[in-house]
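First up is the structure itself, then whatever we jot down about it.
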């Protein structure tokens, strides 16, 4: 009996093993529970909260970039990106109708975006913030705030402004002033439901974003547009591969326009990143060195023989000058032989120091990334041919910006100015953080020497190689240059960089204009292809109603025999619209305005590019709305308007 009862029970050791297993399991559960609820409590709490909420970085509104008059060149505008999760849509028919109405999408587009076979789709555009009101609470539609960089004037000054890549400035002012313009991002917490979807209205701002500041440039929007169009037209006419235009104020060093075009795009900055051999545009600085050190005068004569001279195995040629000529005539006629022979009076050290003083071989210090210094070797690296070559602009390379600043020193009485592209920077609330003043780098030559060279350069335009830059009643000083292009393996056959640098009015300069064309076809001399662009730029600057020019000073600078008429004789009245220049003569101003009015042409149906060119040729400013061909203008065709007025183009569809 006892055996049968004991036979149905587990052995003692087994019962003890089961009990030990239960106790061990209970102990493990308790330990794990303690670990989760005590030691790891914060971790699991954060994980749980993360499943029901999400931190969102709120981008700051990027600061604006303005021209010298406060006209926006680059601004940030808020847009909305619409994403669609078709499987979350409750009422497909109503949602599709809403998308067609609010986003302007076609029926086919909407059906493709909302197909149940898709997990996620993104609408093909960014939309105005107004769509948020009606779309934000619709199941299956997800809205994202996007700050988009907008350029109200299209590609104007785009290379100067730079671009935004991965939410950061790349190139130009955007990169140089990234810390100021970028602002500081904020943080929001968004509530989510059990499916991970955002709960409308459940968004809390933890740290508000701080908008970026503003950068005010020295660039004048009108001059920039004038320079860009003049360069584009010159490139089209000469079939040049590229070109540069730099316009500066010689008295302050302010850069008023900076245009570079390469490979069909104006997004290049070759004016400060692509050096070239200057050729004859460097001759005035050789002459200035001789005058400054008392080694020659403009009346000293030089025997250039038959227009050829061989020195240290290199033969220099002149195109049309022979016999004995003065140094002034050598500069006016751009005599290679004459200038090179005169430069023999300079020691290598003095010649090098003179070029360095004018800013060649070093960065100008402009507030843009990517500037190069060009090439100017020390005398220890010169060959026996180098002094003669350097005297006429070879064996060295310069940038268009360096050349413009060097001519600015000739224009302002001998002071090399640091180029200024930024006038001031402001905080997001408009307070001025820093204002940049004109900065003199050094005095290069004495004032009387600069005036003497300037007078000689007037002769270049009046009677020499720069005649195509002659500007009616205003005396223009300048010099052309035509240099063969060196690819690194030697000079390219038939490839030239043709340039002209001028300043006007010569007696009281207000503008320095550099024009360079890369590989023009056909006629290639700087005086033939670059000088006319300088004249066109100056004429258009005179016609612009808003301009940094001092018009009162301009009237005082006209040639004496033209002053009685008030308008320069060789400048068509339609191209010379005087804005109030002399407060004491309002009646005279009204008469000039009446005489200067032009009839607005009919440009309806024309491509916008053609229409803009025609209107600019009349000295008119242009703004546009829409895309496509011209649908109409405001004012209407046939109305009388003043050069400098703005014509609004209505394109295809607004």
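For this structure, a couple of remarks:
- Of all the numbered requirements in (1) under 25 Å from residue 364 (Cβ atoms); (2) crowded, with 18+ Cβ neighbours inside 10 Å, residue 438 misses one, and that requirement is (2).
- Where a residue in the range 235-248 is not assigned by TED's automatic domain parsing to the domain that holds residue 273 and its partner, wherever it lies, is modelled with pLDDT of 90 or more, with Cβ under 9 Å and at least six apart: none
- Of all the criteria given as (1) buried (at least 18 other Cβ atoms within 10 Å of the Cβ); (2) in contact with a helix residue (DSSP H, G or I) (Cβ under 9 Å, 6 or more places away or on another chain); (3) in contact (Cβ under 8 Å) with a residue 60 or more places away in the chain, the one not satisfied by residue 78 is (1).
- Residue 154 being free of Cβ contacts under 8 Å to residues at least 24 places away in the same chain and within 30 Å of residue 221 (Cβ to Cβ): yes
- Checked against (1) modelled with pLDDT of 75 or more; (2) surrounded by fewer than 21 Cβ atoms within 10 Å (Cβ to Cβ), residue 189 meets all criteria but (1).
- Residue that is surrounded by the most Cβ atoms within 10 Å (Cβ to Cβ), among those in the range 419-435 that are part of a loop (DSSP other than H, G, I, E, B) and at pLDDT below 95: 428
- Listed here are the helices (runs of 4 or more DSSP H) enclosed by the range 126-180 that have at least 3 residues being touching a strand residue (DSSP E or B) at 6+ places or on another chain (Cβ under 7 Å), modelled with pLDDT of 90 or more and not assigned by TED's automatic domain parsing to the domain that holds residue 116, and there are none.
- Residue match in the range 461-477 (condition: within 16 Å of residue 408 (Cβ to Cβ) and within 29 Å of the chain's Cα centre (by Cα)): yes
- Segments classed as helices (runs of 4 or more DSSP H), wholly inside the range 488-559, with at least 2 members that are within 23 Å of residue 218 (Cβ to Cβ): 531-543, 551-557
- Among the conditions (1) in contact with a strand residue (DSSP E or B) (Cβ under 6 Å, 6 or more places away or on another chain); (2) more than 16 Å from residue 254 (Cβ to Cβ); (3) outside any strand (DSSP E or B), the only one that residue 407 does not satisfy is (2).
- Residue ID - nearest to the chain's Cα centre (by Cα), chosen from residues in the range 344-371 that are in contact (Cβ under 8 Å) with a residue 24 or more places away in the chain, assigned to a loop (DSSP other than H, G, I, E, B) and farther than 13 Å from residue 403 by Cα: 368
- Of all residue pairs spaced 6 or more apart or on separate chains, those with beta-carbon atoms under 8 Å, a first member in the range 16-30 that is assigned to a helix (DSSP H, G or I) and a second member that is surrounded by 10 or more Cβ atoms within 10 Å (Cβ to Cβ) are 18/10.
- Some residue of the range 390-400 being within 25 Å of the chain's Cα centre (by Cα), in a helix (DSSP H, G or I), crowded, with 18+ Cβ neighbours inside 10 Å and outside the structural domain of residue 162 (by TED's automatic domain parsing): yes
- Check on residue 173, in contact (Cβ under 8 Å) with a residue 12 or more places away in the chain and surrounded by 15 or more Cβ atoms within 10 Å (Cβ to Cβ): yes
- Verdict on residue 404 being out of contact with any helix residue (DSSP H, G or I) (no Cβ under 8 Å at 6 or more places or on another chain), touching a residue at least 60 places away in the same chain (Cβ under 8 Å) and under 19 Å from residue 286 (Cα atoms): yes
- So residue 508, is it in contact (Cβ under 8 Å) with a residue 12 or more places away in the chain, assigned by TED's automatic domain parsing to the domain that holds residue 284 and out of contact with any strand residue (DSSP E or B) (no Cβ under 7 Å at 6 or more places or on another chain): yes
- Tallying residues that are assigned to a helix (DSSP H, G or I) and without any contact (Cβ under 8 Å) to a residue 40 or more places away in the chain within the range 376-389 yields 4.
- Qualifying residue in the range 36-50 (condition: surrounded by 15 or more Cβ atoms within 10 Å (Cβ to Cβ), at pLDDT below 90 and not in a helix (DSSP H, G or I)): no
- Among the residues of the range 436-463, those identified as part of a loop (DSSP other than H, G, I, E, B) and in contact with a strand residue (DSSP E or B) (Cβ under 8 Å, 6 or more places away or on another chain) are 436, 438, 439, 444.
- Qualifying residue in the range 227-249 (condition: surrounded by fewer than 23 Cβ atoms within 10 Å (Cβ to Cβ), in contact with a strand residue (DSSP E or B) (Cβ under 6 Å, 6 or more places away or on another chain), at pLDDT 90 or above and under 26 Å from residue 350 (Cα atoms)): no
The values are calculated or read from the model by the stated rules, or taken from the named source; none is laboratory data. The model shown is predicted, which means the values in this text are computed figures rather than measured ones. In this analysis, Cβ positions are derived from the backbone assuming ideal geometry, glycine residues included, and neighbour counts consider all displayed protein chains.
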